[in-house]
Amino acid sequence: MATGRLGVGETLEALNAAVGPGSPVWFKETNARHLRVRDFLAPRSALQARFRDGQVPERVFSAVTCLQGPGVAPVLRCAPTPAGLSLQLQRPAVFERVLGALASYATPAKPASPGPRLVLHCPALRCNPSALRLSQLRAVLVADHLTRTLRAHGVCVRSVPSVRDPHMATFLQKLRVDWPTASKSTSTETLRTCVLAELNSVSEEETLPPGVLGRLCLKELVQRRPVAGYDPGIDNCLVTEDMLSVLSELQEAVHHWPEGGYPGLDGDPDSGVEGCMVVHVVSCEEAFQQQKLDLLWQKLDDQAPHKQKHLVCGPVKVAGVPGTQMTAPEYYELRYAQVCKASALKHGGDLAQDPAWTKNFDVLSVATIKFEMLSTAPQNQLLLADSTISTKGTKSGTFVMYNCARLATLFEGYKQGMERGLYPAFPLVSSLDFSLLHDEGEWLLLFNSVLPFLDLLSQSVSLASTPGLHITVRTEMVCKFLVQLSMDFSSYYNRVHILGEPRPHLFGQMFARLQLLRAVREVFHTGLALLGLPPLSHI
């Protein structure tokens, strides 16, 4: 049997190479109706642009049908259709390759050497949680999800600031946000000396507001910077002790990586300077002030990283409620109460008083919040509904967690059936007959979810160097993926009886299906872990 991980990207690359030089013409199908007859399509319009009269040469048919190479999925047939050139894979072989090596499709591979270094700065975490606005909460959740996903891909990430307010630390725990804490501040003496030196050359006896060390001009620095994107309105900056404290902590993060935390960086005093990128994840209200801090850092520290990028999260509004009238803790309490009420309506009784349900309500509330906050591209405006949460909606965190729990219940049912002697022990995966998987929902789960999952994760946190001050990331992709996976799994689960009657001639198909759903479960768990959410065993 062929080995090596199959990839959608590798298959598309090989397909386009088989067509010959020019723009890509092939794309992967995702629509359930189209997947009944094809897996990839080269549209007629693209072929007409490439070949005279759209007539595909015989050599192309031959090259596509015999497609081979690392990561390339095996081809069953390729044929012209009214829609274009249609290709279908050898589906049993793809099932076998993927389901025989689950870990390589559900968990990002650990890199052999340390990846790039990144300092992720979220200034919203310096405020008191009672004053945390919804837009700032969004920035915090984006930063946490980004940190988890980058680390899963081997990036060395340091999260700044270390949280010192115990109330903020408690609130982050409640939200299942993994962020460092600290009890003491870093020294600002060196930066203060630099500020005073700059002030002596800029202003002699200027009257300043209380708590302000001085005023520095940043306009000239903005004009000299080759990076586009700084606000042209930036002129002077009133330097305070708080600003120096922020810069001091950023300096510490860049210059001193924790020992033992990142193999290969230990003992290298310069390992955190060259090649290190700083990403400031801020709400739209904090963006202007963060640009000032960015420039002030460059003005006071000639070793400040040149790679500083700003990820600005769009505003958050609540339907019918002015955004300034709801804080992050109030929003959490609202969603928690709604989750309790929705669950009581579904299951009956006052479940909020049942200790067995308390953990579930905590997780469901956080899942609801994270899927609301993270399912929209972070750069875009987000409108939250103030309506009551329903357990029947198909696009919520509750729906995703519900289907994750259904999977757990399914496997617990198999385990109990095996203990009672109804089912045999799970056989070796190599002995399973995956040609028994012919339901269209089974191919949909594998081809749209399990097979492309890791490629999607890589795209969601791509920090490719782009010109300009601002960057965009697609942190919404994981939430959207899990919602679609839940919809596909729910449809399949409701239609197909997985644990069939305990008859030997039915066990082959049952075990093939269970192995597929093992893969789905692993993908669920990996995706939820990147959101800081544990899988639930029941709802």
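The values are calculated or read from the model by the stated rules, or taken from the named source; none is laboratory data. All figures in this text were calculated on a predicted structure; none of them were measured in a lab. Ideal geometry is used to build each Cβ from the backbone, glycine not excepted, and the neighbour counts take in all protein chains shown. Note: areas computed on protein heavy atoms with side chains; ligands, DNA, RNA excluded. Shrake-Rupley method; radii C 1.70, N 1.55, O 1.52, S 1.80 Å.
Checking each residue in region 139-149 for being crowded, with 21+ Cβ neighbours inside 10 Å and either more than 24 Å from residue 245 (Cα to Cα) or of a type outside the set (D, E, K, R) (or both) picks out 139, 140, 141, 142, 143, 145, 146, 147, 149. Determine whether region 373-393 contains at least one residue that is under 24 Å from residue 529 (Cβ atoms), at pLDDT below 90, surrounded by fewer than 20 Cβ atoms within 10 Å (Cβ to Cβ) and not acidic (Asp, Glu). Yes; the residues of region 373-393 include at least one that is under 24 Å from residue 529 (Cβ atoms), at pLDDT below 90, surrounded by fewer than 20 Cβ atoms within 10 Å (Cβ to Cβ) and not acidic (Asp, Glu).
Restricting region 222-245 to residues that are within 15 Å of residue 289 (Cβ to Cβ) and among the hydrophobic types (A, V, I, L, M, F, W, C), the residue that is most open to solvent (accessible area, probe 1.4 Å) is 238.
Restricted to helices (runs of 4 or more DSSP H) entirely inside region 414-507, those with at least 1 residues that are of a type in the set (Ser, Thr, Tyr) are 453-460, 476-495.
Applying the criterion of being open to solvent by 30 Å² or more (accessible area, probe 1.4 Å) and in a helix (DSSP H, G or I) to the residues of region 51-76, the residue that is nearest to residue 435 (Cα to Cα) is 65. With the structure loaded, tell me whether residue 48 is in contact with a Gly (Cβ under 6 Å, 6 or more places away or on another chain), open to solvent by 50 Å² or more (accessible area, probe 1.4 Å) and over 18 Å from residue 450 (Cα atoms) or whether it fails that test. For residue 48, the condition - in contact with a Gly (Cβ under 6 Å, 6 or more places away or on another chain), open to solvent by 50 Å² or more (accessible area, probe 1.4 Å) and over 18 Å from residue 450 (Cα atoms) - is met. Please verify whether residue 79 is without any contact (Cβ under 8 Å) to a residue 40 or more places away in the chain, in a strand (DSSP E or B) and open to solvent by 30 Å² or more (accessible area, probe 1.4 Å), treating the condition exactly as stated. In short, yes. Which one is farthest from residue 440 (Cα to Cα), of the residues in region 24-44 that are touching a residue at least 24 places away in the same chain (Cβ under 8 Å) and open to solvent by 60 Å² or more (accessible area, probe 1.4 Å)? Here the residue is 44. Given the structure, is residue 278 touching a Pro at 6+ places or on another chain (Cβ under 6 Å), within 18 Å of residue 146 (Cβ to Cβ) and not in a loop (DSSP other than H, G, I, E, B)? Yes; evaluated as a whole, the condition is true for this residue.
Selection of region 3-23 for residues being over 16 Å from residue 445 (Cα atoms) and assigned to a helix (DSSP H, G or I) yields 9, 10, 11, 12, 13, 14, 15, 16, 17, 18, 19.
Within region 285-311, restricting attention to residues that are closer than 18 Å to residue 122 by Cα and of a type in the set (Asp, Glu), the residue that is most open to solvent (accessible area, probe 1.4 Å) is 285.
Looking only at region 247-267, decide whether some residue is hydroxyl-bearing (Ser, Thr, Tyr), more than 27 Å from the chain's Cα centre (by Cα) and at pLDDT below 85. The answer is no; no qualifying residue exists. Anything in region 442-476 that is touching a Phe, Trp or Tyr at 6+ places or on another chain (Cβ under 7 Å) and open to solvent by 10 Å² or more (accessible area, probe 1.4 Å)? List them, or say none. If the condition is that a residue be touching a Phe, Trp or Tyr at 6+ places or on another chain (Cβ under 7 Å) and open to solvent by 10 Å² or more (accessible area, probe 1.4 Å), then 454, 456 are the ones that fit. Every condition in (1) modelled with pLDDT of 65 or more; (2) of a type outside the set (D, E, K, R); (3) over 30 Å from residue 144 (Cβ atoms); (4) buried (at least 17 other Cβ atoms within 10 Å of the Cβ) is met by residue 199 except one, and the failing one is (1). On inspection, residue 101 does not qualify as closer than 30 Å to residue 156 by Cα, open to solvent by less than 20 Å² (accessible area, probe 1.4 Å) and small (Gly, Ala, Ser).
Of all residues in region 152-183, count the ones that are closer than 22 Å to residue 369 by Cβ and of a type in the set (Lys, Arg). Residues flagged as closer than 22 Å to residue 369 by Cβ and of a type in the set (Lys, Arg) within region 152-183 amount to 2. Taking the numbered list (1) modelled with pLDDT under 95; (2) touching a helix residue (DSSP H, G or I) at 6+ places or on another chain (Cβ under 9 Å); (3) within 29 Å of residue 512 (Cβ to Cβ); (4) open to solvent by 20 Å² or more (accessible area, probe 1.4 Å) in turn, residue 91 passes all entries but (1).
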